[in-house]
Amino acid sequence: MSTWEVFERTLIDVLGHIPEIILPSDPRSAIEQVNDRYVGHWLDFKGFTEWNGNLYYRGDPPVRPLAQLVLPETPDRPAQRVVLYEHSWVAVFLLDNSFRVARLD
């Protein structure tokens, strides 16, 4: 089981099966793990920006983070921060603050 930091205790159920899909013990990137274990695979959703922890999409209200998991660097993977947001959005951030977003519901 992954060690997730949940930002609001009442929301632990929002993680669903994600802790079984993205495992810190797996040396692959979070996106590779999703592609292997999640039936819908990772499908990039372009157009999001991030500011102060929230995701923004033009014309929509900000999307708040609910939980995060830090994946340590391995020989096969750079360190990554996986953030679960409202409405099943998931972002994978690298140390340079670049990120990719997909919806895993």
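Miscellaneous remarks
- Number of the exception - Ala91 against (1) at pLDDT below 95; (2) within 17 Å of Asn35 (Cβ to Cβ): (1)
- Unmet criterion (only one of (1) touching a helix residue (DSSP H, G or I) at 6+ places or on another chain (Cβ under 6 Å); (2) in a strand (DSSP E or B); (3) modelled with pLDDT of 95 or more) for Leu66: (3)
- Residues located in the stretch 69-79, provided they are part of a strand (DSSP E or B) and more than 17 Å from Glu20 (Cα to Cα): Thr74, Arg77
- Scanning the stretch 74-96 for residues that are polar (S, T, N, Q) and in contact (Cβ under 8 Å) with a residue 40 or more places away in the chain yields Thr74, Gln80.
- Residue identified as of a type in the set (Lys, Arg), loosely packed, with under 14 Cβ neighbours inside 10 Å, at pLDDT 90 or above and touching a strand residue (DSSP E or B) at 6+ places or on another chain (Cβ under 7 Å) among Arg28, Arg81, Arg58, Arg103: Arg103
- Members of the stretch 33-45 that are without any contact (Cβ under 8 Å) to a residue 24 or more places away in the chain and at negative phi: Gln33, Asn35, Asp36, Arg37, Val39
- Filter pass, Asp13 being part of a helix (DSSP H, G or I), over 14 Å from Leu104 (Cβ atoms) and over 15 Å from the mean Cα position of the chain (by Cα): yes
The values are calculated or read from the model by the stated rules, or taken from the named source; none is laboratory data. Every value quoted in this text rests on a predicted model; they were computed, and no experiment measured them. Every residue, glycine as well, gets a Cβ built from its backbone with ideal geometry; the counts of neighbours run over all protein chains shown.
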